[in-house]
1. Look at the range 50-73 and say how many of its residues are of a type in the set (D, E) and touching a strand residue (DSSP E or B) at 6+ places or on another chain (Cβ under 7 Å).
2. What pairs come up if the first residue lies in the range 71-93 and is closer than 16 Å to Q51 by Cα, the second is assigned to a helix (DSSP H, G or I) and among the charged types (D, E, K, R), and their beta carbons are under 6 Å apart, counting only those six or more places apart or on different chains?
3. Of A246, A265, which residue is modelled with pLDDT of 95 or more and in a helix (DSSP H, G or I)?
4. Does Q51 satisfy the criteria of being without any contact (Cβ under 8 Å) to a residue 40 or more places away in the chain, in contact with a Phe, Trp or Tyr (Cβ under 6 Å, 6 or more places away or on another chain) and not β-branched (V, I, T)?
5. Any residue at all in the range 55-65 that is surrounded by 21 or more Cβ atoms within 10 Å (Cβ to Cβ) and either closer than 22 Å to M238 by Cβ or of a type in the set (A, V, I, L, M) (or both)?
6. Being surrounded by fewer than 20 Cβ atoms within 10 Å (Cβ to Cβ) and either within 19 Å of M102 (Cβ to Cβ) or not hydrophobic (A, V, I, L, M, F, W, C) (or both): is that true of L281 here?
7. Tally time: how many residues in the range 133-148 are surrounded by 17 or more Cβ atoms within 10 Å (Cβ to Cβ) and farther than 20 Å from V210 by Cβ?
8. Looking at W154, W218, which is the one that is touching a Leu at 6+ places or on another chain (Cβ under 7 Å), buried (at least 20 other Cβ atoms within 10 Å of the Cβ), within 29 Å of S19 (Cβ to Cβ) and not hydroxyl-bearing (S, T, Y)?
Amino acid sequence: MLDQQQIDGFDRDGFLTISNLLSADEVAELSDALDKVLATGPDGFVEGEPQPVSFRSLSGDEKHPVWQIVNIWEAMPAFEKLIYHPAIVEGISQLAGQQDLMVWHDQIQYKPAQYGGSTHWHQDAPLWPIIKPMTPVSAWIPFDDATEENGCMWMVPGSHKWGNQIEFLRTQGDLSLLDNFKDLQGFEPPADAEIRTIEAQPRPVLCGEVSFHHSLTWHGSPFNQSQWPRRAIAIHYMTGEARFDAGGNHIMKQFVDLPDNAPMAEAGAHFPTVCRDRKPLGVPERLRATST
C-alpha cells in the first residue's frame, strides 16, 4: 500500500497521513455507531451487554470535557470491523516493519463543539507500561474533518527519535489554546538527532483519511472552540514481539492473565491478532454482514 517515499517520510517525521483510505459509506457507518454509544453515555450500558472497557472524560475539567471511550470495538461491530481493516493493518505492518500484529486497544476521543477540552502534549508509549518493547505505530481516524479550528492534533517532526521525554512534556500543561499550543519551551533535542528543531505543526485530517503516528512522536490537541465537533478514534497495535510487563499499570491490565514477560500474543480475546506473516487477516466472516 505505502511506497518507499512514504515509509521514509514516516521514519524521518514520525507521522504520515494517507488520503482516501476509508470510503464515505465506511465513515458514515462508523459515525452512526459512535453517535449511538455517545447517546448511551457512560452509565447507560446494561450489565452483561457488549460495552466499552471505559467511558470517561480525560480533561479533568467538567466544563471542557474530552470524552475517551476505550475499546469501542467491543461494543459495536462497525468498530470491530475497523480494527481489522486491511489497508490500515497493512500500513501499520509496513511502518512498524513487523510481520505480526495484535490490537493493543482503541480509544475514541471526542471534543464537543464550542467547549471541548485540550489533550496535553504527550507521547503514547510511556503511558503504556505493561507492554514491552513499545507499541510502535498507531492509526488515527476522524469522523468529522479535524481542522485547526476544532482541535486537530499537532505533532513535532522528528521527536520520535528524541527518546522518552514524557516528564518534560508534562511541564507544558499550560499550552491548551490554538493561539499558544505551539509554544513548547525548555527542551534541547539530542545533538545527534536527525531533526534538532522543535517545530510544532497542526496536522489536519479529513474524513476518509488515516493519520499514522509513532508512539514516541510528541503530539496533542488544543481546545475545540469552534461550532463543529471533533470525533476521532486512535487504534493502537502491538507487534508479535510484545511481552507483558507485570510491573506496570494500565486500564487493560485487568484482562491480562499472564506471567511476567510472557508474549502478549497469548493474552486472549481482548487483544485480537489482525496480521500474520505481513498478511492482514481481514474482517472475520461473522462480521462481514453486520452493521451498527
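1. From the range 50-73, those of a type in the set (D, E) are 61-62; that's our starting set.
This time we only want the ones that are touching a strand residue (DSSP E or B) at 6+ places or on another chain (Cβ under 7 Å), so: none.
Qualifying residue count, the range 50-73: 0.
2. From the range 71-93, the pairs are W73/E80; A78/E29.
3. A265
4. yes
5. Here is the first cut: in the range 55-65, the ones surrounded by 21 or more Cβ atoms within 10 Å (Cβ to Cβ) are 55.
Next, only the ones that are either closer than 22 Å to M238 by Cβ or of a type in the set (A, V, I, L, M) (or both) stay: none.
No, every residue in the range 55-65 fails to be surrounded by 21 or more Cβ atoms within 10 Å (Cβ to Cβ) and either closer than 22 Å to M238 by Cβ or of a type in the set (A, V, I, L, M) (or both).
6. So L281 passes the test.
7. The number of residues fulfilling the criteria is 1.
8. None of the other options fit; the residue is W218.
The values are calculated or read from the model by the stated rules, or taken from the named source; none is laboratory data. Since this is a predicted model, take the numbers as computed values, not measurements. Every residue, glycine as well, gets a Cβ built from its backbone with ideal geometry; the counts of neighbours run over all protein chains shown.
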